[in-house]
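Engineer: Let me begin by handing over the structure; questions about it come next.
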Amino acid sequence: MSAETPVQSAGNFTRLRLRFRAWRGSRPFWAGLLTLLGGVPIAYFPYATLKLGNMSIAMATTAGAGSLIIGVLLITLGLTMWFQSATRIFAGVAAILLALVSLVVSNIGGFLIGYLLAMIGGALSVSWAPGRAKPEEPGRPDPSGGPAADGVAEDLPRGADAAPGDPHTAYEAGDGAADGPRAAERTGGYRVG
């Protein structure tokens with residue numbers, strides 16, 4: 001490889017993965033996914049027929065139409081959370097209410113599977129808030145890149161913890177007792193007492 005070899009760009013898979021990641025981060029993705037998945041068992045179980053050998057078990061009830069409506073509405077709300085994130089609070093509250101109604105209407109909320117998924121998805125949707133972009137000032141380094149952003153205390157000059165323009169003392173406030181090197185520092189190098 002020489003210095004004149006062009007740099008290869010990222011592959012299609014990497015580019016698509018990064019685009020999906022950016023899309024996913026700008027909306028309540030997991031809330032929509034859980035709500036969508038919660039609608040599937042609620043709509044499916046009343047129409048399911050289990051076969052055990054020659055015997056078939058039908059779960060059909062008189063509330064089959066209600067279960068189908070609740071399931072389809074939950075799937076629609078999950079898609080709404082993805083593609084219309086401005087309505088996330090309405091969609092979250094509606095998902096929670098439909099999950100509660102599914103307990104009574106649809107085989108205990110799709111045997112509690114659909115109920116739990118829809119409740120968690122609705123709660124995530126209500127609590128999700130879009131992130132804010134940090135305004136960058138020209139000429140200043142990004143403070144999140146240093147060790148101070150990881151929980152390590154920065155070295156600040158004395159009195160720097162006060163806001164700019166606030167008066168601050170040159171020395172630490174203490175009880176005045178001599179306590180080793182700090183006392184020597186406060187008294188200008190002479191040990192007192």
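The values are calculated or read from the model by the stated rules, or taken from the named source; none is laboratory data. Because the structure is predicted, anything quoted here is derived from the model rather than measured. For neighbour counting, all protein chains shown are included, and Cβ atoms are generated from backbone atoms with ideal geometry for every residue, glycine included. Side chains included, ligands, DNA and RNA excluded: accessible areas come from the protein's heavy atoms. Shrake-Rupley method; radii C 1.70, N 1.55, O 1.52, S 1.80 Å.
Engineer: Quickly run through the stretch 80-115 and pick out the residues that are basic (Lys, Arg) and open to solvent by 60 Å² or more (accessible area, probe 1.4 Å).
Structural biologist: Listed by number, the list is empty, since nothing qualifies.
Engineer: Hey, another quick one. What about ALA86, is it modelled with pLDDT of 95 or more, farther than 17 Å from TRP30 by Cβ and not in a loop (DSSP other than H, G, I, E, B)?
Structural biologist: When the stated conditions are applied, ALA86 does not pass them.
Engineer: Could you tell me whether any residue of the stretch 44-62 is surrounded by 12 or more Cβ atoms within 10 Å (Cβ to Cβ), modelled with pLDDT of 90 or more and not charged (D, E, K, R)?
Structural biologist: Scanning the stretch 44-62 turns up no residue that is surrounded by 12 or more Cβ atoms within 10 Å (Cβ to Cβ), modelled with pLDDT of 90 or more and not charged (D, E, K, R).
Engineer: Please work out which residue is farthest from ALA133 (Cα to Cα), limiting yourself to the stretch 16-38 and to residues that are aliphatic (A, V, I, L, M) and without any contact (Cβ under 8 Å) to a residue 60 or more places away in the chain.
Structural biologist: The extreme case among them is LEU16.
Engineer: Go through (1) without any contact (Cβ under 8 Å) to a residue 60 or more places away in the chain; (2) touching a Phe, Trp or Tyr at 6+ places or on another chain (Cβ under 8 Å) and name the single condition LYS51 misses.
Structural biologist: Every condition holds for LYS51 apart from (2).
Engineer: Where the second residue is open to solvent by less than 70 Å² (accessible area, probe 1.4 Å) and of a type in the set (Phe, Trp, Tyr) and the first is part of a helix (DSSP H, G or I) and lies in the stretch 66-82, which pairs have Cβ atoms under 7 Å and are six or more apart or on separate chains?
Structural biologist: As it stands, the answer is TRP82/PHE29, since those pairs meet every condition given.
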